[in-house]
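The values are calculated or read from the model by the stated rules, or taken from the named source; none is laboratory data. As the structure is a computational prediction, the values presented were derived from the model and not from experiment. Neighbour counts run over all protein chains shown; Cβ positions are idealised from the backbone, glycine included.
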Ligand SMILES: Cc1ncc(COP(=O)(O)O)c(C=O)c1O
């Protein structure tokens with residue numbers, strides 16, 4: 001199907017393709033995903049004996065299993081690799097605590113996260129992020145034995161030197177490289193072409209020890225973007241003086257690994273759905289679910305390592321660091337809600353609102369809402385809405401279960417990444433976290 005769009009300024013007519021190209025989610029995979037949670041329903045329901053809904057449930061065993069799997073994938077193909085959990089993806093201290101126990105370090109992006117990391121006893125922390133304040137740099141400098149500072153700009157470098165000189169401290173530093181010098185991603189780091197100049201500046205800073213560099217690309221469904229940058233970085237490293245290469249102890253290749261189940265979308269979350277809405281049309285049926293596939297972590301690890309061997313280790317034999325967030329914590333946290341009101345057969349209101357996830361996630365992303373009180377492997381149309389005073393407070397357009405009644409307990413699974421951290425104190429109190 002195509003649509004003609006008139007561009008009023010030019011009088012031009014443009015034809016756009018409105019065919020849905022995102023594959024539908026395979027029904028049997030979705031059913032077995034739901035079945036996994038239904039099979040454990042008494043485990044989740046038992047939690048509510050001591051604590052009424054709504055709650056976030058954090059599963060330590062899932063974090064441990066993910067950490068082991070992630071580390072094994074990269075260890076099997078890189079000689080020396082360091083793992084740093086990206087705290088921003090889920091900033092509940094239990095998540096960091098458990099991942100520290102699995103041998104990971106922490107990647108923090110603010111003084112607040114750094115305080116959490118230090119309070120948890122983390123011994124190996126990387127601190128990156130734009131616009132670090134003097135106070136944040138001071139805290140990092142005072143804990144220089146545990147923190148490597150990934151400097152974001154030439155200005156930050158000068159401030160850090162001054163702070164360290166004032167405090168009589170020496171710290172390890174790296175530098176963040178921007179992966180895209182145009183658009184909004186340019187706010188991160190320095191352009192790679194200035195790496196040599198940056199290294200020379202660090203040599204003039206008596207209190208700073210240059211140790212390496214970092215980059216990060218986001219939302220990678222495959223390793224393509226990481227590999228492209230690694231290859232480009234290889235060419236930049238090739239142009240550095242030997243003295244600079246000799247100082248590089250690590251290259252931190254960031255996070256951005258998409259979990260293997262891929263990205264699950266409502267029609268409204270697909271590009272065609274968005275276009276249709278712009279044209280005043282319905283995006284598609286809310287009862288059809290779509291999935292953008294993602295690469296397995298072993299494939300990420302293999303292909304990225306191949307690129308590293310070819311483009312980086314051929315120039316500098318250094319440790320490789322990775323900063324996974326979403327991949328580790330996405331599946332480790334779920335929400336348990338209850339039905340407070342049933343206004344129609346196909347319209348219920350829950351006790352919690354989507355302030356618990358911090359954004360209007362479920363208008364575009366699909367996650368099954370599972371009725372643990374009346375389980376069935378059938379999906380039924382029903383508006384499942386939260387109790388905030390906004391129509392955008394949507395959990396889903398359907399539920400999995402036999403039927404739905406007031407008092408039923410609903411599970412919204414795998415809400416561990418960029419939801420808890422983004423929770424908002426808006427209208428309703430926030431759910432408690434129960435770690436199991
Ligand atoms: C520098 C840096 N490292 C790691 C991450 C973690 O990314 P993800 O949770 O997608 O793995 C982020 C996320 O924004 C980041 O900015």
Does residue 136 qualify as being within 16 Å of the ligand (Cβ to nearest atom) and closer than 25 Å to residue 418 by Cα?
yes
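Table: residues versus (1) within 13 Å of the ligand (Cβ to nearest atom); (2) more than 21 Å from residue 251 (Cβ to Cβ); (3) assigned by TED's automatic domain parsing to the domain that holds residue 225; (4) touching a strand residue (DSSP E or B) at 6+ places or on another chain (Cβ under 9 Å).
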{"site": "94", "(1), (2), (3), (4)": "no, yes, yes, yes"}
{"site": "113", "(1), (2), (3), (4)": "yes, yes, yes, yes"}
{"site": "129", "(1), (2), (3), (4)": "yes, no, yes, yes"}
{"site": "140", "(1), (2), (3), (4)": "no, no, yes, yes"}
{"site": "177", "(1), (2), (3), (4)": "yes, no, yes, yes"}
{"site": "181", "(1), (2), (3), (4)": "no, no, yes, no"}
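Among residues belonging to segment 400-425 that are under 20 Å from residue 112 (Cβ atoms) and surrounded by fewer than 17 Cβ atoms within 10 Å (Cβ to Cβ), point out the one that is nearest to the ligand (Cβ to nearest atom).
Restricting attention to segment 400-425, the residues satisfying the condition of being under 20 Å from residue 112 (Cβ atoms) are 416-425.
The next check asks that each one be surrounded by fewer than 17 Cβ atoms within 10 Å (Cβ to Cβ); those that pass are 422, 424-425.
On the way: 422: 12, 424: 19, 425: 23 Å.
So, considering only residues that are under 20 Å from residue 112 (Cβ atoms) and surrounded by fewer than 17 Cβ atoms within 10 Å (Cβ to Cβ), the one nearest to the ligand (Cβ to nearest atom) is 422.
Restricting attention to segment 212-232, which residues are in contact with a strand residue (DSSP E or B) (Cβ under 7 Å, 6 or more places away or on another chain) and farther than 19 Å from residue 249 by Cα?
Of the residues in segment 212-232, the ones in contact with a strand residue (DSSP E or B) (Cβ under 7 Å, 6 or more places away or on another chain) are 212-215, 220-221, 226.
220, 221, 226, listed by residue number.
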What are the residues in segment 277-304 that are at pLDDT 95 or above, more than 30 Å from residue 28 (Cα to Cα) and in contact with a strand residue (DSSP E or B) (Cβ under 8 Å, 6 or more places away or on another chain), if any?
none
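Looking at 77, 51, can you tell me which residue is in contact (Cβ under 8 Å) with a residue 12 or more places away in the chain and either within 17 Å of the chain's Cα centre (by Cα) or closer than 23 Å to residue 253 by Cβ (or both)? Spell out the reasoning first.
Numbers: 51 fails: either within 17 Å of the chain's Cα centre (by Cα) or closer than 23 Å to residue 253 by Cβ (or both).
From the options 77, 51, the qualifying one is 77.
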Can we say residue 341 is closer than 28 Å to residue 43 by Cα, surrounded by fewer than 23 Cβ atoms within 10 Å (Cβ to Cβ) and in contact with a helix residue (DSSP H, G or I) (Cβ under 9 Å, 6 or more places away or on another chain)?
no
Inside segment 244-353, counting only strands (runs of 3 or more DSSP E) that do not spill past its ends, which hold 1 or more residues that are more than 16 Å from the ligand (Cβ to nearest atom)?
263-266, 289-292, 319-322, 333-344, 347-350
